[in-house]
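Trainee: This is the structure I want to talk about, given as structure tokens.
The values are calculated or read from the model by the stated rules, or taken from the named source; none is laboratory data. Note that the structure is a prediction, hence the values are computed from the model and not measured. A quick note on method: Cβ atoms are made from the backbone with ideal geometry, for glycine too, and the neighbour counts reach across all protein chains shown. Accessible surface is based on the protein model in full, side chains and every heavy atom, while ligands, DNA and RNA are left aside. Shrake-Rupley method; radii C 1.70, N 1.55, O 1.52, S 1.80 Å.
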Amino acid sequence: MSNVGMYLATSSAGFEIEAKKEILRLVPNAEVHSLFFKGNLLIKCPSSTDLISILKENETRYVGSITPVNKAIKISKKKSDLKRVYDEILNLNMLKKGERFVVCCKRRGKHEFTSRDVEREIGGLLEESLGAIVDLKNPAKIVTIQIFQDIAFIGIVRADEILRKEIKVFRKYKCGERPLTRAEHKLREAIRIFNIEIKPNFRVLDLGAAPGGWTKILAGLVDHVISVDPADLDPSVKSLPNITHLKCKAEDIPRNIGPFDLIVNDMNIEPLKSAKIMVKLADLLKKDSVALMTVKFITRNRKKHVSDAIDTLKAKYKDFKVRRLPHNRYETTIYMRRT
Ligand SMILES: C[S@@+](CC[C@H](N)C(=O)[O-])C[C@H]1O[C@@H](n2cnc3c(N)ncnc32)[C@H](O)[C@@H]1O
């Protein structure tokens, strides 16, 4: 698209598709993309389309705030990249001498700086170079910096140009039900798709087990499940007679708790770190037995996350199969067997 207007929008996590449909119903010529951080969408539409007014005037259920942005910049996690962000903000040429402004940063991902660091550093530089004045209470302009791991979206807007809508639908399931239910679907699919044979006499290790969806399914299939997670299990799972909850990190489990016939890992941590833990714990898994690991897409570089993880896992595992299961768009699942 040439002459494109760009916006960032929020929705309730898990309802991005509904929010996307809602936006496309009102603005059919828009492009709406998921940003790989739950509840965040990037909208592009012809600059002649006044997206903010359209969304303001129409009833919506899934869309939260909508912020116009001027540019997307590739960045790394290094603090030195903030200078480039500052240069790009200057290049926008939208802030004048004496103008009152505030810098608002929201950062997602891992970086050498915090959101506050960004606000302070870029606010200070803009004051120095332009003679604009930071005014936290009554700014005429807001410099927005929204960072999604390796992309920074920058914008300069008036406060009334940011639209805040009430999200009316938050959950598909009743309170307390959803995480368990969704996780259960995921494991059932993996067992079916990878054709995993699970025998009643199995001992299973479940890493990153809370709130306990996977543990609950496994406890219905096998003799004993050891569930590892620093977080609490749901009381309905914790009370099952054939589970043991080790309330600690996977890195810290005792080494004498094996052997296991199956290891599953749904920890929401960096894929490479997760793979290294799987390699460290591989000696707890019987030879040729199956392990499952979900790879969380912490950036859009999905292929690299999967290939980095497998390169590490190869030290102790074989027969890799990778499938993106329909129940989760933010991760993929690796099947493997112990060498
Ligand atoms: C997506 S949830 C798991 C959901 C679970 N499979 C279920 O069915 O309910 C991810 C879990 O990983 C846990 N986790 C993150 N880092 C961990 C670590 N180093 N060791 C163990 N658990 C970890 C978190 O506490 C969180 O409960």
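Trainee: Going residue by residue through segment 293-301, is there one that turns out to be of a type outside the set (D, E, K, R), more than 23 Å from residue 212 (Cα to Cα), away from the ligand (no atom under 13 Å from the Cβ) and open to solvent by less than 60 Å² (accessible area, probe 1.4 Å)? Give the derivation first.
Mentor: Kept after step one, since they are of a type outside the set (D, E, K, R), are these residues of segment 293-301: 293-295, 297-299, 301.
Checking which are more than 23 Å from residue 212 (Cα to Cα) leaves us with 299, 301.
Applying the additional criterion that residues be away from the ligand (no atom under 13 Å from the Cβ) yields 299, 301.
After this cut, where a residue has to be open to solvent by less than 60 Å² (accessible area, probe 1.4 Å) as well, the list is 299.
Looking for residues that are of a type outside the set (D, E, K, R), more than 23 Å from residue 212 (Cα to Cα), away from the ligand (no atom under 13 Å from the Cβ) and open to solvent by less than 60 Å² (accessible area, probe 1.4 Å), one finds at least one in segment 293-301, hence yes.
Trainee: Further question: Report every pair of residues separated by at least 6 positions or lying on different chains whose Cβ atoms are under 7 Å apart, first residue within segment 73-90 and under 9 Å from residue 122 (Cα atoms), second open to solvent by 60 Å² or more (accessible area, probe 1.4 Å).
Mentor: From segment 73-90, the pairs are 82/121.
Trainee: For residue 300, which of the numbered conditions (1) without any contact (Cβ under 8 Å) to a residue 40 or more places away in the chain; (2) under 19 Å from residue 39 (Cα atoms); (3) not in a strand (DSSP E or B) fails to hold?
Mentor: Among (1) without any contact (Cβ under 8 Å) to a residue 40 or more places away in the chain; (2) under 19 Å from residue 39 (Cα atoms); (3) not in a strand (DSSP E or B), residue 300 violates only (1).
Trainee: Can you go through 40, 70 and tell me which one is open to solvent by 60 Å² or more (accessible area, probe 1.4 Å) and among the polar types (S, T, N, Q)?
Mentor: It is 70.
Trainee: Here's something else I'd like to know. Exactly one of these conditions fails for residue 278: (1) exposed (fewer than 14 other Cβ atoms within 10 Å of the Cβ); (2) within 12 Å of the ligand (Cβ to nearest atom). Give me its number.
Mentor: Every listed condition holds for residue 278 apart from (1).
Trainee: Considering only segment 324-339, state which residues are of a type outside the set (D, E, K, R), open to solvent by 30 Å² or more (accessible area, probe 1.4 Å), at pLDDT below 95 and out of contact with any helix residue (DSSP H, G or I) (no Cβ under 6 Å at 6 or more places or on another chain).
Mentor: 326
Trainee: Keeping to segment 303-323, report how many residues are part of a helix (DSSP H, G or I), of a type in the set (A, V, I, L, M) and either surrounded by fewer than 17 Cβ atoms within 10 Å (Cβ to Cβ) or in contact (Cβ under 8 Å) with a residue 60 or more places away in the chain (or both).
Mentor: Qualifying residue count for the region: 0.
Trainee: Could you look through segment 111-132, keep only residues that are open to solvent by 60 Å² or more (accessible area, probe 1.4 Å) and not in a helix (DSSP H, G or I), and pick out the one that is farthest from residue 65 (Cα to Cα)?
Mentor: In this case the residue turns out to be 112.
Trainee: Let me ask something else. Within segment 211-252, take every residue that is basic (Lys, Arg) and within 9 Å of the ligand (Cβ to nearest atom) and give me the one that is modelled with the highest pLDDT.
Mentor: 249
Trainee: Could you check how many residues of segment 40-60 are in a loop (DSSP other than H, G, I, E, B), modelled with pLDDT of 90 or more and more than 22 Å from residue 3 (Cβ to Cβ)?
Mentor: 2
Trainee: Could you tell me which numbered condition residue 263 fails, if it satisfies all but one of (1) out of contact with any Leu (no Cβ under 6 Å at 6 or more places or on another chain); (2) more than 8 Å from the ligand (Cβ to nearest atom)?
Mentor: Just one mismatch for residue 263, condition (1).
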